[in-house]
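The values are calculated or read from the model by the stated rules, or taken from the named source; none is laboratory data. Because the structure is predicted, anything quoted here is derived from the model rather than measured. Because the Cβ atoms are built from the backbone with ideal geometry, glycine has one as well, and the counts that use them run over all protein chains shown. All accessible areas refer to the heavy atoms of the entire protein, side chains included, with ligands and DNA or RNA removed. Shrake-Rupley method; radii C 1.70, N 1.55, O 1.52, S 1.80 Å.
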Amino acid sequence: VVLLGCSINNINADIMSHWSIFQRTLPMSSKQIVAAAYLTNGIVIFASVFIHTLMTFFISLIFGIIFKSYYFIVFFAFAVILFFITVTMLYTYYRFRNVKKAKIINGSTVMFIYFAVCIFLMNKMNECMQKAHEEIESIAQQMNIPVEKVPVNEDNLTTDLMIEELKSYKKFFGTWWWIFIAAVIGIIVLLFFMSVKNLEKPMDNIRSSKIS
């Protein structure tokens, strides 16, 4: 969240300082300007996540906490997601040249994805709770005892079923990981060229933002 806030502040700072207007006077092509924005934001995000990963590693050593190798993959994936959100924000600004509209579109998109993921996980959790309840009832019938006396905790069983469900997605991603990576890279490259195209549009043909 902090890193995403830094990226948003970087974009807002460019707007508030009128850098978006001044950059047009530089002896640089639109492609170079967008590439510079990608590079600076990418360095901030990936360097910060790398430092955070090292800090987590050393703190784990100090306090004797196990630092599992897949944490590196998780932190790297988190950095890629932040970078993806940042380049999407850059595109919406280059596309609309309106700070308020860009914020509304970006905020709405992030909230839509967030609620979609939450609803998906809640549905999966409800399914696991139902399966756990059915399994406990089945055990009670087999042992011919009341459900309350079944030596299995329903909450723990639900958690185990949810973990197994998530592991199945891990296996799917482990098989088709290259498709996800190719898709993310493809979308980022597409957003880059679309940003360049929109930046090349004359300022007179685009409504300026009411926020100065």
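Go through (1) modelled with pLDDT under 80; (2) in contact with a helix residue (DSSP H, G or I) (Cβ under 9 Å, 6 or more places away or on another chain) one by one and return the number of the condition G107 breaks.
(2)
Taking only the range 30-67 into account, find how many residues are over 14 Å from A79 (Cα atoms), touching a residue at least 40 places away in the same chain (Cβ under 8 Å) and open to solvent by less than 70 Å² (accessible area, probe 1.4 Å).
The total comes to 5.
When only residues in the range 156-167 that are polar (S, T, N, Q) and open to solvent by less than 80 Å² (accessible area, probe 1.4 Å) count, which is farthest from the chain's Cα centre (by Cα)?
Looking at the filtered set, the residue picked out is T158.
Just one of the numbered conditions (1) among the charged types (D, E, K, R); (2) in contact (Cβ under 8 Å) with a residue 40 or more places away in the chain; (3) open to solvent by less than 90 Å² (accessible area, probe 1.4 Å) is not true of K100; which one?
It fails just one condition, (3).
Being open to solvent by 100 Å² or more (accessible area, probe 1.4 Å), within 30 Å of T56 (Cα to Cα) and within 28 Å of the chain's Cα centre (by Cα): is that true of F83 here?
No, not satisfied.
Within the range 171-212, can you find the residues that are at pLDDT 80 or above, farther than 25 Å from G42 by Cβ and exposed (fewer than 10 other Cβ atoms within 10 Å of the Cβ)?
T175
For the range 130-155, how many residues meet the condition of being open to solvent by less than 90 Å² (accessible area, probe 1.4 Å) and in a helix (DSSP H, G or I)?
10
Please enumerate the residues belonging to the range 110-120 that are open to solvent by less than 70 Å² (accessible area, probe 1.4 Å) and modelled with pLDDT of 85 or more.
If the condition is that a residue be open to solvent by less than 70 Å² (accessible area, probe 1.4 Å) and modelled with pLDDT of 85 or more, then A116, C118 are the ones that fit.
Between V87, V80, which is closer than 27 Å to V196 by Cα, in a helix (DSSP H, G or I), out of contact with any Ser or Thr (no Cβ under 9 Å at 6 or more places or on another chain) and modelled with pLDDT of 85 or more?
So the residue among V87, V80 that is closer than 27 Å to V196 by Cα, in a helix (DSSP H, G or I), out of contact with any Ser or Thr (no Cβ under 9 Å at 6 or more places or on another chain) and modelled with pLDDT of 85 or more is V80.
Report every pair of residues separated by at least 6 positions or lying on different chains whose Cβ atoms are under 8 Å apart, first residue within the range 166-194 and more than 30 Å from R95 (Cβ to Cβ), second assigned to a helix (DSSP H, G or I).
Taking only residues 6 or more apart or on different chains, the pairs are F173/F180.
Considering every residue within the range 69-76, establish whether at least one is polar (S, T, N, Q), outside any helix (DSSP H, G or I) and more than 28 Å from N198 (Cβ to Cβ).
yes
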